[in-house]
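This report concerns only the one structure given below.
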Protein chains: 2
Amino acid sequence: MEAVVLRYGHRMVRDERVTTHCCLVSRALGAKKIILCGEQDQTPIKAVEEVSKRWGAGFQAEMSGSWEKELTEHKKNNFKAVHLTMYGQPIEKKIKQIRKHKKIIVIIGSQKVERKVYELADYNIAVTNQPHSEIAALAIFLHEALKGKKTKFANPELKITPSLRGKNVKKKTRATG
Amino acid sequence: MEAVVLRYGHRMVRDERVTTHCCLVSRALGAKKIILCGEQDQTPIKAVEEVSKRWGAGFQAEMSGSWEKELTEHKKNNFKAVHLTMYGQPIEKKIKQIRKHKKIIVIIGSQKVERKVYELADYNIAVTNQPHSEIAALAIFLHEALKGKKTKFANPELKITPSLRGKNVKKKTRATG
C-alpha cells in the first residue's frame with residue numbers, strides 16, 4: 001500500500017515542532033510523502049530533509065496552498081481518503097477494509113478541521129475517542145495500516161544496530177570523487 | 001497491566017505543547033499516570049486536568065524534581081522500566097515478554113537522554129530505528145502493550161458516539177446541589 005499524509009493546517013512558529021514530528025513520523029513509519037497545507041513555512045521541510053540526508057533518502061515533504069485541491073486530485077488518482085479524528089469510527093472496526101486499498105491519503109488536522117474534510121473523506125477514523133494528539137493518531141494508524149512494511153531508505157550516512165543498552169550507530173564515509 | 005509514564009526532561013515554553021501531547025496520549029491510551037521531570041511548569045498539567053474535567057477523571061499528571069528518584073522507587077515497587085529509544089531493540093521482538101509484567105514505567109525523553117537511563121532500564125525498546133517522535137513512540141508502545149484495554153473515565157461531561165461523518169458529542173448536565 002502507498003500512503004501519503006496530508007497535514008491540514010500549519011501555523012508558523014506555533015506549529016513548527018508538532019508539524020516536524022508529523023513529518024518525521026510519516027517518514028519513519030512508511031508513508032511516501034507528506035503534504036503540508038497552511039502557512040507557507042520551510043522549517044519543517046528543512047528539518048525532515050536534514051534527517052533524510054543523514055538517515056537515508058526516499059521520503060518527500062512539500063507545501064501546498066490548498067488542502068482541498070490536494071485531496072480532490074488524490075481522490076481522482078484512486079487514493080482513498082482517511083481522515084483521522086476522535087469523532088470517527090474505531091480503527092479496529094475498519095482497518096482490515098482500509099488495508100485492502102492500494103493507495104491512501106491520510107488527513108491529520110492541527111487546529112479545528114472544517115466540515116468539508118469529514119465529507120470528502122472516505123473514512124473518518126478514530127484511534128481513540130478521547131482527546132489526544134494528531135502525532136499519536138498518525139503513528140498508530142500508519143503502524144496498523146502498513147503493518148510489517150519496513151521502509152528501506154537510500155544511501156544513509158548513519159545506521160543503527162539495535163542494542164540492549166546504549167547506542168550503536170555506524171557512520172558511513174561517503175565517496176567524494 | 002498498570003502503566004505509568006515518566007517524561008525525562010521538560011523545558012518551559014519550548015516543550016509545552018509536546019509535553020502536553022505526551023500527557024494526553026498517556027491518558028487516552030491507558031496509562032494511569034504521567035510524571036514530568038525537568039523544569040517545574042504547571043502548564044501541561046493544567047491542560048490535562050482541563051481535559052479530565054470535561055472528558056472524564058481517573059488519570060493523574062504530576063511533576064517531580066528527580067527522574068532518577070522516580071525510576072529507582074518505581075523499580076523497588078516492582079515496576080519494570082521500559083525506555084523508548086530509537087537505539088533500542090525492536091518492539092516486535094520484546095512486546096510479548098513485556099506484556100507479562102504487572103506494572104511498567106515507560107520512560108520517554110525530550111532532549112538528549114543521559115547514559116544512566118539506558119542502564120537503569122530493564123528494556124530499551126525501539127518502535128523504529130529511524131528518528132521520529134517521543135509522542136509517536138509512546139502512542140505505539142501503549143497501543144501494543146495495553147492492547148484491547150479501554151480505560152473508562154469517571155463522570156465525563158462530554159461523550160463521543162463514533163460517527164461516519166461529522167461529530168456526535170453528548171453533553172451531560174451535572175447535578176448542582
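Derivation of every value follows stated rules applied to the coordinates shown; laboratory data play no part. Fair warning: this is a prediction, and the values are worked out from it, not measured in the lab. FYI the Cβ positions are ideal-geometry reconstructions off the backbone, even for glycines, and counts take in every protein chain you see.
Just rank B:Leu29, B:Leu142, fewest to most, by other beta-carbon atoms within 10 angstrom.
The order, fewest Cβ neighbours first, is B:Leu142, B:Leu29.
Average the reciprocal distances over every distinct pair of alpha-carbons in the protein assembly as shown, invert the result, and give the Kirkwood radius in Å.
Hydrodynamic radius (Kirkwood, Cα only) of the protein assembly as shown equals 20.8 Å.
Counting partner chain Cβ atoms within 10 Å of every residue's Cβ in A:123-129, what's the average?
5
List the distances, in nm and shortest first, from the label point of B:Ser64 to the matching label points in every other copy, placing each point 7 Å from Cα along the Cα-to-Cβ direction.
Copy-to-copy label distances for B:Ser64: 4.5 nm.
Quick one: net charge around B:Met63, please, counting Lys, Arg +1 and Asp, Glu -1 for every other residue with C-beta under 10 Å from its C-beta.
Taking every other residue near B:Met63 into account, the sum is -2.
May I ask you to report, in nm to one decimal and beginning with the shortest, the distances from A:Val13 to the same position in the other copies, taking label points 7 Å along Cα-to-Cβ?
The projected label point of A:Val13 is separated from its counterparts by 1.0 nm.
Using a simple spin-label model with points 7 Å from Cα along the Cα→Cβ vector, what separation in nm is obtained for A:Glu39 and B:Glu49?
Reported label-point gap for A:Glu39 and B:Glu49 is 3.0 nm.
Tell me the distances, shortest first, between A:Glu39 and the same position across the other copies, using label points 7 Å along Cα→Cβ, in nm to one decimal.
So the label point of A:Glu39 gives 2.1 nm to the other copies.
Which residues in the stretch A:150-172 place their backbone N less than 19 Å from a point set 7 Å from the Cα of B:Lys116 along the Cα-to-Cβ direction?
Hits in the stretch A:150-172 for B:Lys116 at 19 Å: A:165-167.
Treating only the Cβ of Lys, Arg, Asp and Glu as charged (+1, +1, -1, -1), what charge dipole size does the protein assembly as shown show about its Cα centre? Round to the nearest 20 debye.
Value, rounded to 20: 1360 debye.
Shielding by partners for B:101-113, please: the mean number of other protein chain Cβ atoms within 10 Å of each residue's Cβ.
Whole-number average of other-chain Cβ neighbours for B:101-113 is 0.
Below 8 Å between Cα atoms, with a sequence gap of 6+, how large is the relative contact order for chain A in percent?
28 percent
With r as the distance between the Cβ atoms of B:Met1 and B:Ser64 and R0 = 25 Å, compute the FRET efficiency 1/(1 + (r/R0)^6) and round to 0.05.
Between B:Ser64 and B:Met1 the formula returns 0.70.
Is the shape of the stretch B:14-82 best called rounded, prolate or oblate, per the rule: a/c under 1.5 gives rounded, else a/b larger than b/c gives prolate, else oblate, with a ≥ b ≥ c the square roots of the Cα gyration tensor eigenvalues?
It is oblate, given that a/c is not under 1.5 and a/b is not larger than b/c.
Kindly put A:Lys103, A:Lys150 in sequence by how many other C-beta atoms sit within 10 Å of each C-beta, fewest to most.
Result, fewest neighbours first: A:Lys150, A:Lys103.
Sort the stretch B:2-151 into rounded, prolate or oblate with this rule: let a ≥ b ≥ c be the square roots of the eigenvalues of the Cα gyration tensor; rounded if a/c is under 1.5, and if a/c is not under 1.5, prolate when a/b is larger than b/c, oblate otherwise.
Rounded shape, in that the Cα axes give a/c under 1.5.
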